[in-house]
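The values are calculated or read from the model by the stated rules, or taken from the named source; none is laboratory data. This one's a predicted model, so the numbers in the text were calculated from it and none came from an experiment. Virtual Cβ from ideal backbone geometry, glycine too; neighbours counted across all protein chains shown.
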Amino acid sequence: MGVPVLPYGEGKNGNMSKPALKIKDVVLEALEHRGFSQAEAEQMTRRLIKGGEVATMQDSTQKMPFGKYFGWSLMEVPSYYLEWLVNQHWVIEKYEDLFNAVLEELKVR
């Protein structure tokens, strides 16, 4: 009887299990299809699959209340849009919580 393959995440030797690799490939493809760069997609995937557990992501539940990415979580919104957003003076005036969440999201990218 060999070492059991974990359903997702890292195996005992630190390598990704086969199911995790398949999940990672699907997530990467989906993110790139939505317009994220390969580097952004890799970074988000690392945050999602971490040691066999779903990583906790602060402010990832914050949703875009307007615009091109309306309804998307901040983690899904491309970096270029978040960077543009924090440079708009009206955002901090009208959406201070969103502004702060965007700054936090940009710090982890």
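Condition test on Ala101, is it at pLDDT below 85, within 19 Å of the chain's Cα centre (by Cα) and part of a helix (DSSP H, G or I)? Taking the combined requirement at face value, the residue does not satisfy it. Every listed requirement among (1) small (Gly, Ala, Ser); (2) at pLDDT 90 or above; (3) outside any loop (DSSP other than H, G, I, E, B) is met by Ala41 save one, (2). What number of residues in region 67-98 are surrounded by 14 or more Cβ atoms within 10 Å (Cβ to Cβ) and part of a loop (DSSP other than H, G, I, E, B)? Summing the residues that are surrounded by 14 or more Cβ atoms within 10 Å (Cβ to Cβ) and part of a loop (DSSP other than H, G, I, E, B) in region 67-98 gives 8.
Candidates are the residues of region 1-38 that are surrounded by fewer than 13 Cβ atoms within 10 Å (Cβ to Cβ), aliphatic (A, V, I, L, M) and modelled with pLDDT of 60 or more; the one that is farthest from the chain's Cα centre (by Cα) is Val26. The C-beta contact set for region 51-76 (first residue closer than 14 Å to Leu98 by Cβ, second residue at pLDDT below 85 and exposed (fewer than 11 other Cβ atoms within 10 Å of the Cβ), distance under 7 angstrom, 6+ apart or interchain) comprises Ser73/Thr61. With respect to (1) over 20 Å from Arg46 (Cα atoms); (2) charged (D, E, K, R); (3) surrounded by 15 or more Cβ atoms within 10 Å (Cβ to Cβ), the lone exception for Glu105 is condition (1).
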